[in-house]
Amino acid sequence: MDLLSIKDPSFLKGLSNKELENLSQDIREFLIEKLSGTGGHIGPNLGVVELTVALHKCFNSPKDKIIWDVGHQSYVHKVLTGRACQFDTLRQYKGLCGFPKMVESEHDVWETGHSSTSLSAAMGMAIARDLKKENNYVIPVIGDGALTGGMALEALNHIGHEKKNMIVILNDNEMSIAPNVGALHNVLGRLRTAGKYNWVKDELEYFLKKVPAVGGKLASTAERLKDSLKYLFVSGMFFEELGFTYLGPVDGHSYDDLFENLAYAKKTEGPVLLHVITKKGKGYQPAESDRIGTWHGTGPYKMETGDFVKPVSAPPPGWSKLVSETVRKLARNDERIVAITPAMPVGSKLEGFASEFPDRMYDVGIAEQHAATVAAGLATQNMKPFLAIYSTFLQRAYDQVVHDIARQNLNVFIGIDRAGLVGADGETHQGVFDIAFLRHLPNMVLMMPKDENEGQHMVKTAIEYNDGPIAMRFPRGNGIGVPMDDKLKPIPIGTWEVLREGNDAAILTFGTTIPMALKAASLLEKQGYSIKVVNARFIKPLDEKMLQDLFGANMPILTIEEAVLQGGFGSAVLEYAHEQGFHHAEIDRMGIPDKFIEHGSVKELLEEIGMTVENVVERIGKLARKKQKRA
Ligand SMILES: Cc1ncc(C[n+]2csc(CCOP(=O)(O)OP(=O)(O)O)c2C)c(N)n1
């Protein structure tokens, strides 16, 4: 079938199961081919082809609300809702978003990127539906990984109590981004092997209705009998106990099975949980046989072989690996060190640490809040937790960082991965808020290295620091290829480094924007301006001595940060100038403006927001000219 001609999912209503199977094959071939060029979340999407088709055939989107958890598995939904023609632009600048996006389609009723929000959103939609006396189905689709997230568990608790009509689709492929972990995962495992329950239950209820009611006693005995029989047939009964009607497990690649169970779910009162078993990567051998999560999300690959176009990790060292391996090295002589990851052992490159110290590494599942407080708990016992977490996901643990870590002034090392713009994952994943939400916390030290060599010294700094929490930001991707020192040495807290001397103006910056500053300074030198460039590697505390000197010398300043301007590093410099009475200090700030930044390459995004060498030349050049005129 010509997928490009699809306008909306209504055409599915008239197709037979055989035709749907052919369509599924076409969709798989389409995705495998398109994603080989663009990269993207191939594994999760190949797993939900039949499920997505079945949902769109059985329900009437957008009247019925299909809500994708995380949203990385919404490509098939995008194809069925008229967006196949945009797949060449997937995850590219101004192109098709890799996650649901309301501006793209009326069928995208909820936007995501972060995990475990679907059930809460569905509950809100169900409450609204009932208050407005409307009549539609609400169908959150949540993975077995996302179900382990705290928000999802809070939502199950609420939904089961309120008994709202809702059909929760649990897409169980036994994988999270890496292999799924946790006790709930084991509950699902038992359900998976327990066989079909709902039919047994029906027959049981029919039988029990036939038991003559002789007063309340027998009725309650019958109820108890029913309950104990349920336990007999299904180990766990986790969802039924929470107030859901549990249906399944269902073969998520069989239209017969899906349609039969969806029809049953539609006529069931109250919340239903339909347990659908799927295979991540289904239909593409390299993705289907992946058991560690390599094919969860990828860059471009060669379709025929499954080889990645770019090697997964090329020299210079990737930042995640550099940090995790440095922690691992230090852990050999420091038994206090324990690594914690909320579901990202592969992304955070903790495999080496885990194999060397299996009892000192914890993957806690998609549970950032829990991860942060586990780290705090460890620190109260004089351990040295290394909390490996992406900037964007640290947002989830804000209160735990405030209330548990910073307030108790605990020695937790937070390794903030993917800090700054991340590119193709777009606005839900940009790591641009962490400075603003950490800088204002008492006791917090926040730093970012200029290159991987300084990075390894900063890891040493963080591990040896015993005066409270310390966080190190580092970007997505690889280092810049500098020589690495053999011996690690801590960096004095709150000290900056002058990278280039100058008298006309100063650029204060850190991390990924340092090369841009140095380039601009050397271009301006050719125009007769002398620009000082400072590696402001401690975002908190500031190097007050250096700031005093700069302000005292009336040096105009440009701050640059790949993070939001509001509450950022530049704001800290402004505040300091104000507090110290340097009311005439000339300070210009460059950073991310007050808007969400969509997907695209980091280069394109920086150009869009005016953070290029040319922009730096223009802005610091202006300050330098003024200073020269004054002199
Ligand atoms: C709050 C949060 N933490 C971590 C992630 C990173 N992440 C993206 S998908 C994913 C796994 C989701 O697993 P599952 O729900 O089972 O979906 P599957 O990919 O297996 O279909 C994780 C951990 C995220 N998106 N949001």
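The values are calculated or read from the model by the stated rules, or taken from the named source; none is laboratory data. Worth saying up front: this structure is predicted, and the values here are computed from it rather than measured. Cβ placement follows ideal geometry from the backbone for every residue including glycine, while neighbour counts extend to all protein chains displayed. The accessibility values were calculated without ligands, DNA or RNA, using every heavy atom of the protein model including side chains. Shrake-Rupley method; radii C 1.70, N 1.55, O 1.52, S 1.80 Å.
Some points to look at:
- With the simple model of a label 7 Å out from the Cα in the direction of the Cβ, Asn186 to Glu604 spans 4.6 nm.
- Dipole of the chain, positive end: most advanced residue of Leu565, Asn535, Gly149 [Cβ charges, Cα centre]: Leu565
- Over the chain, DSSP H runs of length four or greater, each weighted -39,500 (n - 2.57), average out per residue to a 222 nm ellipticity of -11500 deg cm²/dmol.
- Divided by 2.2 N^0.38 Å, where N counts the residues, the Cα radius of gyration of the range 255-378 comes to 1.47.
- Evaluating 6.51 cos²θ - 1.76 cosθ + 1.60 at θ = phi - 60° for every residue in the range 70-75, the Karplus couplings come out as 6, x, 6, 9, 9, 5 Hz, glycine and proline recorded as x.
- Estimated translational D of the range 24-166 in µm²/s (Stokes, Kirkwood radius over Cα pairs; 25 °C; 0.890 mPa s): 157 µm²/s
- For the pair Glu501 and Glu335, a Förster radius of 45 Å applied to the C-beta separation gives a FRET efficiency near 0.55, rounded to the nearest 0.05.
- FRET efficiency estimate (nearest 0.05) - Cβ-Cβ, Asn443 to Met102, R0 41 angstrom: 0.55
- Take every Cα pair under 8 Å whose residues are at least 6 apart in sequence, average their separation, divide by the length of the range 1-130, and the relative contact order is 29 percent.
- Spatially proximal aspartates and glutamates relative to Lys622 (Cα-Cα < 17 Å; intrachain offsets below 8 disregarded): Asp504, Glu525, Glu586, Asp588, Glu614
- For the range 460-613: rounded, prolate or oblate by the Cα gyration tensor [a/c cutoff 1.5]: rounded
- Global form of the range 1-70, assessed from the alpha-carbon gyration tensor, a/c cut-off 1.5: oblate
- In this entry, the range 319-473 is assigned a mean projected area of 8.0 nm², taken as a quarter of its C-alpha convex hull surface.
- Remark on the range 459-540: Rg and Dmax equal 15.0, 47 Å (Cα only).
- Projected area, mean over directions - the range 290-347, Cα convex hull, nm²: 5.4 nm²
- Cα centre as origin, Lys/Arg/Asp/Glu Cβ charges: the chain dipole, Debye: 460 debye
- Surface composition of the range 319-473: carbon plus sulfur atoms contribute 49% of the solvent-accessible area (1.4 Å probe, protein chains only, all chains present).
- Positive-pole candidate from Ser601, Leu131, Gly426, dipole of the chain, charges at beta carbon: Leu131
- 5 angstrom amide H check on Ala471, placed H, neighbours 5+ away: Ile414, Val445, Leu446, Met447
- Net charge dipole size for the range 319-473 [Lys, Arg +1 and Asp, Glu -1 on Cβ; Debye, nearest 20]: 200 debye
- Ranking Ser289, Trp68, Leu46 by how far each Cα lies toward the positive end of the dipole of the chain (charges on Cβ) leaves Trp68 at the top.
- For the chain, dividing the convex hull volume of the Cα atoms by the residue count gives 183 Å³ per residue.
- Fraction of beta bridges assigned by DSSP in the range 319-473 that are antiparallel (%, nearest 5): 5 percent
- Under the convention that each Lys and Arg Cβ holds +1 and each Asp and Glu Cβ holds -1, the size of the dipole of the range 367-446 around its Cα centre is about 260 debye.
- With θ taken as phi - 60° and the Karplus curve 6.51 cos²θ - 1.76 cosθ + 1.60 applied, the whole-hertz 3J(HN,Hα) list for the range 2-10 is 7, 5, 5, 8, 5, 9, 7, x, 4 Hz, x standing for glycine and proline.
- Pairs beyond 30 Å (Cα-Cα), from Lys65/Lys595; Lys450/Lys627; Lys78/Lys267; Lys349/Lys487; Lys133/Lys595: Lys133/Lys595
- Relative contact order %, the chain, counting alpha carbon pairs below 8 Å whose residues are six or more apart: 11 percent
- Less than 5 angstrom separates the built amide H of Glu174 from those of Asp144, all sequence-distant by 5 or more or on a different chain.
- Of all DSSP beta bridges in the chain, antiparallel share, percent nearest 5: 15 percent
- Take each peptide in 182-189, 485-492, count the other Cβ atoms within 10 Å of every residue, and average; sorted highest first, the result is 182-189, 485-492.
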